[in-house]
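Step one of this worksheet: look at the structure below.
The values are calculated or read from the model by the stated rules, or taken from the named source; none is laboratory data. It should be emphasised that the depicted structure is a prediction, and the values quoted were computed from it without experimental measurement. Using ideal geometry, Cβ is built from the backbone for each residue, glycine included, and neighbour counts are taken over all protein chains shown.
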Amino acid sequence: MSTDGKNKIREAALRVISEQGIAGATMRVIAKEAGVSTGAIYHYYPAKEDILYDIMDVSLKASTQVAERAKSGEASRLEIARDVYENLIERFKKVQENRLQFYLAHEAILGNEQLQKRFQEKYDEWISRIEDILLAAYEAREGKATRAFAAWLLAAVDGMVLQDLLDVKAADKEMLMQVFDILLTEGIPCFLQLMEKKGIFAD
C-alpha cells in the first residue's frame, strides 16, 4: 500500500474538514480534493472513519518519540519534561486532529465496535508511552500503580484538550501552561515520592 497515496488522502481530508466540517468530509468529496477517483480512495481506506482515525493516529505520535528519547537515557529529566511541555503546546494547535479524536470517540461510545476496539488498543499504547516516560525519566517503580498514574495523566491531557476545543476559559493559556510546567518538573516527582511513602507500589 502506497504511503504517498495515503498521505495525499489524509491531507485532502484535513483540508475538506477545515472547510466543510467532519459531516461534509464524505468519501466522494475527499477523493475529489485528493484528485483521485472514489474507487481509488476505497483501495486505501474502506470507510471515512478509517481515514479520520489514521489522521488522528499519525498526528498524535509525539508521545512515542518522547518515550523513546527517555528510554535511551540520552536526555535528562528536565529535558524530557521540556519535550512533553512543548508537545502539549503543539497538541493544542492541532485543532482539526483533536476534533477528530473526540468525534471518533463519540462514534465508538455510540456502538461502533471496530472503533471502540481500536481506541482501546490506542489508549493502551498511549498509556504505555507515558508509563515509559515515568519509568525512564522520573525513575518510577514499575507496577500497577505507575500505570494507573500514567492513565490519570493521559486523562488530564485529554480533558484539557477537550476544554480548549469547547473554549472553556477556566484560566488563561499562559497560566495553564505554567501550572503544567510545575507539574512536570516538580509535581510528578513529589507525587511519586508520596506514592512510595504510602506503600502503593507494593503490588
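Looking at region 118-141 only, could you name the residues that are surrounded by fewer than 18 Cβ atoms within 10 Å (Cβ to Cβ), part of a helix (DSSP H, G or I) and among the acidic types (Asp, Glu)?
GLU121, ASP124, GLU125
Under 6 Å between Cβ atoms, at least 6 apart or on separate chains: pull out the pairs that start in region 78-100 with a residue that is in contact (Cβ under 8 Å) with a residue 24 or more places away in the chain and end on any residue that is surrounded by fewer than 18 Cβ atoms within 10 Å (Cβ to Cβ).
Sorted first by the residue in region 78-100, then by its partner, the pairs are ALA81/THR185; TYR85/ASP181; ASN87/ALA62; PHE92/ASP164; GLN96/SER18; ASN98/LEU165.
All but one of (1) within 25 Å of GLN101 (Cβ to Cβ); (2) exposed (fewer than 11 other Cβ atoms within 10 Å of the Cβ); (3) touching a residue at least 24 places away in the same chain (Cβ under 8 Å); (4) basic (Lys, Arg) hold for LYS169; state the number of the condition that does not hold.
The failed condition is (3).
Hey, could you check region 154-195 for residues that are over 26 Å from TYR123 (Cβ atoms) and of a type in the set (D, E, K, R) and say which is modelled with the highest pLDDT?
Residue satisfying both the conditions and the ranking: GLU186.
If you check every pair at least six apart or on different chains, which have Cβ atoms under 8 Å apart with a residue in region 149-162 that is farther than 16 Å from GLU97 by Cβ first and a residue that is surrounded by fewer than 17 Cβ atoms within 10 Å (Cβ to Cβ) and of a type in the set (Gly, Ala, Ser) second?
So the pair list comes out as ALA150/SER128.
Can you name the residue in region 142-154 that is over 14 Å from SER63 (Cα atoms) and of a type in the set (A, V, I, L, M) and is also surrounded by the most Cβ atoms within 10 Å (Cβ to Cβ) among such residues?
Restricting to residues being over 14 Å from SER63 (Cα atoms) and of a type in the set (A, V, I, L, M), the top hit is ALA145.
Taking only pairs six or more apart or across chains, which ones have beta-carbon atoms under 7 Å, a first residue in region 11-38 that is closer than 18 Å to MET56 by Cα and hydrophobic (A, V, I, L, M, F, W, C), and a second residue that is part of a loop (DSSP other than H, G, I, E, B) and modelled with pLDDT of 90 or more?
Every condition considered, no pair remains.
Take region 172-203 and flag every residue that is without any contact (Cβ under 8 Å) to a residue 24 or more places away in the chain and outside any helix (DSSP H, G or I).
ASP172, LYS198, GLY199, ALA202
Select from region 142-169 the residues that are more than 18 Å from PHE191 (Cβ to Cβ) and in a helix (DSSP H, G or I) and list them in ascending order.
Across region 142-169, the qualifying residues are ASP158, VAL161, LEU162, GLN163, ASP164, LEU165.
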